[in-house]
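K.L.:
Attaching a single structure in structure tokens format; questions to follow.
The values are calculated or read from the model by the stated rules, or taken from the named source; none is laboratory data. Since the model is a prediction, treat every value here as computed from it, not as a measurement. Here the Cβ positions follow ideal geometry from the backbone for every residue, glycine too, while neighbour counts run over all protein chains shown. The protein model used for the area step is the full one, side chains on, heavy atoms only, and it has no ligands, DNA or RNA in it. Shrake-Rupley method; radii C 1.70, N 1.55, O 1.52, S 1.80 Å.
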Amino acid sequence: MALVELRDVVKTYPPTTRDGDPVVAVDHVDLDIHEGDVFGVIGYSGAGKSTLVRLVNALEPATSGRISIAGTDLTALPERDLRRERLGIGMIFQQFNLFSSRTVAGNIAYPLHVAGRPRAEIRARVDELLGFVGLGDKAKQYPEQLSGGQKQRVGIARALATAPRLLLADEATSALDPETTHEVLDLLRTVNRDLGITMVVITHEMDVIQNLATKVAVMEQGRVIEQGEVFEVFSRP
Ligand code: ADP
Ligand code: ADP
């Protein structure tokens, strides 16, 4: 059984003009993401990649079709249960989305506070995560004092805080220069390999797919037009 399964998933948005047509952001998509995969989703802007991520993260309901995570059908769950499912999914973003008024440690601790974990446990976990992402000396700094790559390390540590089984990365390196991109990709590879966390990596950059992903789906106008092992998809004529 796949960890994440999409079956005939459609997401439409209401027309943007009064007599326009509805926008079909995700158009009859089937995907199987298995435990341990680094699953890349590549496509141009507007292809439906971010919408797909919001559906998997249960931030928005699908219009039709079925999305299940570890056999649990998200499309059938009430909001209270969806909140619990989301705790098992970490998310990192292009613009990092850190709290500027909180320290590095405070940002990483945040999901643990929300989850109501005891203080001593939070401290130990934050300490461990700081070490894991190589920011042991930055605990008391504020995000504005960090480089882009360091900010994304904080984003990764925060996403891992609740020990998710799935990490969703939405254009996670698109705001970084090439060298920093490679550092962050190395860290993400370690997250997958050493922590065994399954990843979905959304990007418009071929380089990211070739450096990190094992499988890939190519999206165009809401559809998955090709999917498979990275080396297969990109060696087809
Ligand atoms: P990508 O992440 O690949 O750039 P998106 O998922 O953001 O693509 O967008 C796919 C399509 O859905 C685009 O046509 C976009 O304009 C439309 N879309 C995305 N979100 C919304 C929304 N909240 N309301 C209306 N249209 C949307
Ligand atoms: P903020 O002021 O941004 O809320 P704090 O400095 O109060 O951040 O720390 C928030 C959380 O991070 C606390 O739960 C604390 O236990 C933990 N923390 C703070 N400093 C460290 C550190 N050096 N190592 C490990 N955990 C830390």
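K.L.:
Give me the angle, in degrees from 0 to 90, between the Cα long axis of helix 148-160 and the longest principal axis of the Cα atoms of the chain, rounded to the nearest 10.
P.N.:
Long axis of 148-160 versus the principal axis of the chain: about 80 degrees.
K.L.:
A further question follows. At 1.4 Å probe size, with every protein chain present, just tell me what the per residue accessible area of region 103-232 comes to in Å². Write out the running numbers ahead of the final one.
P.N.:
Numbers: 6130 Å² over 130 residues.
It amounts to 47 Å² per residue over region 103-232.
K.L.:
Which of the GluC sites (Glu not before Pro) across region 130-233 are loop residues per DSSP, with 16 or fewer other Cβ within 10 Å? Please list the in-between numbers first.
P.N.:
Details: sites: E144, E171, E179, E183, E205, E220, E226, E229, E232; in loops: E171, E205.
Taking region 130-233 and a limit of 16 other Cβ atoms within 10 Å, the loop GluC sites (Glu not before Pro) found are E205.
K.L.:
With θ set to phi - 60° and the Karplus curve 6.51 cos²θ - 1.76 cosθ + 1.60, what are the ³J(HN,Hα) couplings of region 67-75 in order, to the nearest whole Hz, using x for Gly and Pro?
P.N.:
The phi angles translate into 10, 10, 10, 6, x, 8, 7, 5, 6 Hz.
K.L.:
Please list 3J(HN,Hα) in residue order for region 24-29, calculated via the Karplus relation 6.51 cos²θ - 1.76 cosθ + 1.60 where θ = phi - 60°; whole Hz, with x for glycine and proline.
P.N.:
8, 7, 10, 10, 6, 9
K.L.:
Still on this structure, please answer the following. Once you put a point 7 Å from the Cα of L59 and another 7 Å from the Cα of R18, both along the Cβ direction, what distance in nm separates them?
P.N.:
Simple spin-label model gives 3.2 nm for this pair.
K.L.:
If you take the beta carbon distance between D73 and Y44 as r and set R0 to 22 Å, what does 1/(1 + (r/R0)^6) give as a FRET efficiency, to the nearest 0.05?
P.N.:
Efficiency for this residue pair is about 0.10.
K.L.:
Under a point spin-label approximation (7 Å from Cα along Cα-to-Cβ), what is the E128-Q141 distance to one decimal in nm?
P.N.:
My value for the distance between the label points is 2.4 nm.
K.L.:
Right, next: What nm distance separates the two modelled labels at R86 and I225, each placed 7 Å from Cα along Cα→Cβ?
P.N.:
For the pair R86/I225, the computed spacing is 3.3 nm.
K.L.:
Something else about it: Going by alpha carbons, how many degrees (0 to 90, nearest 10) lie between the helix axis of 178-195 and the longest principal axis of the chain?
P.N.:
Taking the Cα atoms of the chain, the angle to 178-195 is about 90 degrees.
K.L.:
Separate question: Restrict the search to region 6-107; then list the GluC sites (Glu not before Pro) that DSSP places in a loop and that have at most 15 other Cβ atoms within 10 Å of their Cβ. Show your work: numbers first, answer last.
P.N.:
Numbers: sites: E35, E79, E85; in loops: E35.
Sites meeting the loop and neighbour criteria: E35.
K.L.:
Whole Å is fine, so just give me how far the alpha carbon centre of region 116-143 lies from that of region 148-202.
P.N.:
Here the two parts' Cα centres lie 16 Å apart.
K.L.:
Out of all DSSP beta bridges with both ends in region 131-237, state the antiparallel percent to the nearest 5.
P.N.:
On the way: 6 of 11 bridges.
Bridges in region 131-237 that DSSP calls antiparallel: roughly 55 percent.
K.L.:
Using amide H atoms built 1.01 Å from N in the peptide plane, name the residues 5+ places from V41, or on other chains, whose amide H lies under 5 Å from its own.
P.N.:
Distant-sequence amide H within range of V41: V201, I202, T203, A217.
K.L.:
Let me ask you something else. Would you please give the residues with an amide H less than 5 Å from that of M91, counting only those at least 5 places away or on a separate chain, with H modeled from the backbone geometry?
P.N.:
L168
K.L.:
Moving on. Name the chymotrypsin sites (Phe, Trp or Tyr not before Pro) in region 1-97 that are in a loop by DSSP and that have at most 16 other C-beta atoms within 10 Å, would you?
P.N.:
Details: sites: F39, Y44, F93, F96; in loops: Y44, F96.
Loop-located and lightly packed - Y44.
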